[in-house]
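The values are calculated or read from the model by the stated rules, or taken from the named source; none is laboratory data. Owing to the predicted nature of the structure, the values given are computational and were not obtained by experimental measurement. Virtual Cβ from ideal backbone geometry, glycine too; neighbours counted across all protein chains shown.
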Amino acid sequence: MKAGATLLGLLAFLALGVIAPWLPPWLVSLATIAFANALVVLGLIILWRCGLVPFGQALFYAIGAYVVALLGRYTPIRDVFVVVIAGAIVAGLAAWLIGFLLARYREIFFAMLSLAMSMILYGILVKTETLGSTDGFHVEAGSFFGFRPEGEMRNLALFWLVIGFSAVLAWLVAYYFRTVAGALCNPIRDNEIRVEFLGMSVDRLIHLKLVISGVLAGIGGALAALAVQHVDPQMSYWTTSGGFVFVTILAGAGSVAAAFVGSMVFELVRSIAVTLVPGEWQMILGTVLLLTILFLPEGLGSLVTRLRRSGSMPP
C-alpha cells in the first residue's frame, strides 16, 4: 500500500468515526464487531501471503477475549486500553511459544497443527469451572480514562476505540509489508530455498509472522469481548477459525483495506441472512463464497487493484 492509498484509508477511518453518531445503533454495533474481527483477518493475510493457511487462529482470538474477561472479574483493572494491550501481550506470548513448533511445518500439517492447538484451548475452557466452563461469563464494561459511558454513548465509545486501533494497526501492517521481512512473504510462498540462499532463515521469518498475527488476533478478541460483554469457549472453536478463513478468502490477501471491507460485508450478509432465512443462512454464506471464488478468485482486494490500474484510485 503506497502513500496515496494509505492516506485514503486513514481518511476513510476518520470519516467513519465522524459520521458514527448519525448511524443506526445496530449498524454501529455490527461495524464494531466486523472491524474487531478484521484485525484477525489482517494477521491471516500476513500468513496467507506466505502460503500458510491456519485453521486455529481462534486460539489467539479467544486468549485476547478471556484476558479481558479475567482481568475484569478477578482484578480491579478496568481501563479498556490496558486490558486490550494485556490481551495482545498474552496472545503474542502464546503465539511466540507455539511458533517454535508451527514454524517448522507447512501446508496441511501447519493447518492441522494450528487447529489442534485451538481445540486444546477449547477443551480446557469447557472443562474449567473457574474459566466459566461451557457457559462462559460476563465481561465488565470497562472505562475510558476513568469515564464509564452508558447506553448508546458506550457503543459509540467502543466503536471509536475499535476504529482507532484499526487505523493504527492497518497502517503498521501496511508499513510491515514494505519492510524486508514483509516483502519476503511471496518469495517464501514461491521458493523457500531461494530465500534461504539470501541468508534469511525462513523458519524465523514465519515465526515472526506467527507472533504478529497472534497479537492482531488477541487485540481483535479483546475488542470483541468488550463489545459483546461475554466470552465463552465457542470463541476458540474450529468454526470460529473457519469464519476467519472465510472472510480472508472473501477479502483476498492483496490489500490491507480489503480485510475491513471483507469483514464488514461478511457481517452484513450474515446478519441479513439470519434475519430473512434463519434456518438457511449458512447456504447464503456458502453461495456468496462460491460466487467470490468464481468471479473474484483473488478476493475483494482485487477490485482495489483494478481501480488503481484504471486510474480511479491514487497509487
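Annotations for the structure displayed:
- For beta carbons closer than 6 Å, sequence separation of 6+ or different chains, a first residue in segment 141-158 that is of a type in the set (A, V, I, L, M, F, W, C) and a second that is surrounded by fewer than 16 Cβ atoms within 10 Å (Cβ to Cβ) and modelled with pLDDT under 85, the qualifying pairs are A157/P149.
- Test set (1) among the hydrophobic types (A, V, I, L, M, F, W, C); (2) surrounded by fewer than 19 Cβ atoms within 10 Å (Cβ to Cβ); (3) over 15 Å from the mean Cα position of the chain (by Cα) - V53 fails condition number: (3)
- Count of residues meeting criterion [touching a Leu at 6+ places or on another chain (Cβ under 7 Å) and of a type in the set (S, T, Y)] in segment 246-295: 3
- Yes/no for G132 being in contact with a strand residue (DSSP E or B) (Cβ under 6 Å, 6 or more places away or on another chain), surrounded by 18 or more Cβ atoms within 10 Å (Cβ to Cβ) and either of a type outside the set (K, R) or within 14 Å of A65 (Cβ to Cβ) (or both): no
Conditions (1) surrounded by fewer than 24 Cβ atoms within 10 Å (Cβ to Cβ); (2) among the polar types (S, T, N, Q); (3) touching a His at 6+ places or on another chain (Cβ under 9 Å); (4) closer than 21 Å to F260 by Cα, marked per residue:
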position: L39; (1), (2), (3), (4): no, no, no, yes
position: I45; (1), (2), (3), (4): no, no, no, yes
position: L70; (1), (2), (3), (4): yes, no, no, no
position: A86; (1), (2), (3), (4): yes, no, no, no
position: S114; (1), (2), (3), (4): no, yes, no, no
position: T128; (1), (2), (3), (4): yes, yes, no, no
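- Scanning segment 267-285 for residues that are exposed (fewer than 12 other Cβ atoms within 10 Å of the Cβ) and at pLDDT 80 or above returns T275, L276, M283.
- Taking (1) of a type outside the set (A, V, I, L, M, F, W, C); (2) more than 24 Å from R270 (Cβ to Cβ); (3) outside any helix (DSSP H, G or I) in turn, G56 satisfies each apart from (2).
- Some residue of segment 35-51 being in a loop (DSSP other than H, G, I, E, B), within 22 Å of W238 (Cβ to Cβ), touching a residue at least 24 places away in the same chain (Cβ under 8 Å) and in contact with an Asp or Glu (Cβ under 9 Å, 6 or more places away or on another chain): yes
- Inspection of segment 11-21 finds no residue satisfying the criterion of being surrounded by fewer than 19 Cβ atoms within 10 Å (Cβ to Cβ), in contact (Cβ under 8 Å) with a residue 24 or more places away in the chain and not in a helix (DSSP H, G or I).
- Condition check for Y61: within 13 Å of I219 (Cβ to Cβ), among the hydroxyl-bearing types (S, T, Y) and part of a helix (DSSP H, G or I): yes
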